[in-house]
Amino acid sequence: MNHPSDRPGPHPSDRPRRSAASRRPDVAGPSDVSDPSDVSRPSGLSGLTGPAYEPGDAGYEAEVAPLNRAVVQRPALVVGAACAEDVAAAVRYAVGTGRAVSVMATGHGPSVAASGHVLITTRRMDAVRVDPEARICVVGAGARWRDVLARTTPHGLAPLNGSSPAVGAVGYTLGGGVGLLGRRFGYAADHVRSLDVVTADGRTRHVTAADDPDLFWALRGGKGNFGVVVAMETDLFPVARFYGGGLYFDASHGPEALRTYVEWTRKVPEEMSSSVLLIRYPDHPSSPAPLRGHFVTHVRVAHTGPRDEGERLVAPLRGVGPRLLDTVAETPYSAIGTVHHEPTEEPYSAFDRATTLGPLDRAGAEALLSLAGPSAGAPYIVELRHHGGAYGRVPRVPSAVGAREAEFTLYSGTGPGEEERAAQLALFEKMRPWGAGAAFLNFSGPDQSAPGIVATAYAPGDHARLVRLKQRYDPGNVFRVNHNIRPGGPG
Ligand SMILES: Cc1cc2nc3c(=O)[nH]c(=O)nc-3n(C[C@H](O)[C@H](O)[C@H](O)COP(=O)(O)OP(=O)(O)OC[C@H]3O[C@@H](n4cnc5c(N)ncnc54)[C@H](O)[C@@H]3O)c2cc1C
């Protein structure tokens, strides 16, 4: 996703049952910046490897700061976990003192404002271990996709990463994970082999389909509701290159680009993943020169079939007219982040909202143009991602991930003002005739955190099962600073 201020092998049950984390002696990873001499220790939390801060401590503000500042968290204690034991100690401390637990890797995915709880930050746990023969990797809770790509792509292997290499691999995957290989291979959550997770009882469990099928099902899609994942073992795919990039159309060609794109998605093979972003780039030096000050319709494509087939498939999109910028080319998978070209490092404040759509007809495309096209003057950005293909197929080991019937996700990001957010809500109301009725939590922000909205992210029977499992694994709703599944149901 961009945001409004943007400038631009064998099955797990066939394998030895060892903890993923136990095979990673370097859990703290090279970016462990903790300074034990600078650590303050609330009583009951001695023996942490990473730091812990309370409000007023020197390291507190930096430790709690998320990338997306749409909502604020003011925890009573933040634990900068450096290993699984730190996470378990923090959870036990929170439960023992009657506090909720939240977890943050990068702060890309804000959900609800909170205070007085225990925040566990995981960015120090960024180790990635790759087994190229088995085509798997084990990633720490704080690893970003760029950390994973750096380790897998030298072997010609790709993870099911998303559009931005800066996003956390674990948080993304627990929410489903819609990536640039997804129409071919499915949701990232569909290809998880095992998870090491600290549950509300303070235990660290190695969870697989064979050992704990209920928890394994719930974690994959249930996001942060069932515990803090400390390590994730997941499949890799032999994809070393793709034909793709961005086609950036100006305002005069944007509407036709959107119409053509929507029509085009009906015919493309599963090897083609794509999306389109409608955005006005600020007339500011931070915007890329060819896009600065323009309303841009940015069509993104990634085709993993043969190059000439990719060129043939992209030709109707190029046929719309001249592009301000055209980066579609043969590209190594290590550069997959260039397709969406999303901002990564600067903090921002964006209210995200998303829903799933069914098929989009011409009227749907026109409705979207009237609400978010070049002449709409909208205070938000809008993105359509093409689903279908393998997203629609239930994986061999089913997960809680919903939205299997979606043809598209519709995402919008806007600023914090009440008027902007009201306009954004109106956009979604007006697109309701094309809706598939489901929220998609990875793209949902604070305005979609009500449990009744969260429930729509799942098939109705699946949500009821998630509630039952929440009662079993987290009856006190310790993990509630999130898009929450309540043990008592949505209420
Ligand atoms: C620029 C950008 C691009 C994106 N692209 C995509 C995309 O292509 N496809 C897609 O599906 N999503 C995408 N997203 C959404 C993203 O996957 C979610 O926001 C995700 O939650 C971010 O995870 P994080 O750890 O980086 O963020 P954080 O804000 O640190 O975490 C968000 C939430 O994830 C959960 N979580 C994180 N770590 C853990 C853990 N170890 N254990 C349990 N729960 C945990 C918690 O509920 C936490 O509140 C994108 C977001 C942005 C901002």
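Just so it is clear, none of the values below were taken in a lab; they were calculated from the coordinates. On a predicted model such as this, the values are computed, not experimentally measured, just so you know. All Cβ positions, glycine included, derive from the backbone under ideal geometry; neighbour counts span all protein chains shown.
With a 10 Å Cβ neighbour count serving as the proxy for reagent exposure, in which order, fewest first, do C83, C137 appear?
Arranged by neighbour count, lowest to highest, C83, C137 become C83, C137.
Once you have the Cα-Cα distance between V112 and S252, take 0.36 nm times their residue separation minus that, and quote the gain in nm to one decimal.
46.5 nm
Gain in length, A329 to D211, computed as 0.36 nm per residue apart minus the alpha-carbon separation, to one decimal in nm?
Roughly 38.0 nm would be gained on extension.
Separation between the T344 and S375 pseudo-spin-labels, each 7 Å from Cα along Cα→Cβ, expressed in nm?
Each label point lies 7 Å from its Cα, and together they span 3.9 nm.
Which residues' amide hydrogens lie under 5 Å from the amide hydrogen of V296, considering only partners 5 or more residues apart or on another chain, with H built in the peptide plane?
Here I279, R280, Y281 satisfy the definition.
Among R480, R307, which comes first, then next, by fewest other beta-carbon atoms within 10 Å?
If I rank by nearby Cβ atoms, fewest first, I get R307, R480.
Per DSSP H run of at least 4 residues, take -39500 (n - 2.57); add these up for the chain, divide by its residues and hand me the 222 nm value, nearest 500 deg cm²/dmol.
Estimated from H runs of four or more residues: -6500 deg cm²/dmol.
Arranged by the count of other C-beta atoms within 10 angstrom, fewest first, what order do E342, E133 take?
The most exposed by this proxy come first: E133, E342.
If I stretch the segment between H155 and A240 completely, what's the gain in nm (0.36 nm per residue apart, minus their alpha carbon distance), one decimal?
29.8 nm
Mind checking which lysines have their C-alpha under 29 Å from K223, skipping anything on the same chain fewer than 8 residues away?
K430, K470
Which loop trypsin sites (Lys or Arg not before Pro) in region 178-257, with loop taken from DSSP, have no more than 11 other Cβ atoms within 10 angstrom of their Cβ?
Passing sites in region 178-257 do not exist.
Please report Rg over Rh for the chain, where both radii come from the alpha carbon positions and Rh follows the Kirkwood definition.
0.95
Less than 20 Å from a label point 7 Å out along the Cα-to-Cβ axis of A76: which backbone N atoms in region 112-132 qualify, by residue?
Backbone N within reach: 112-121.
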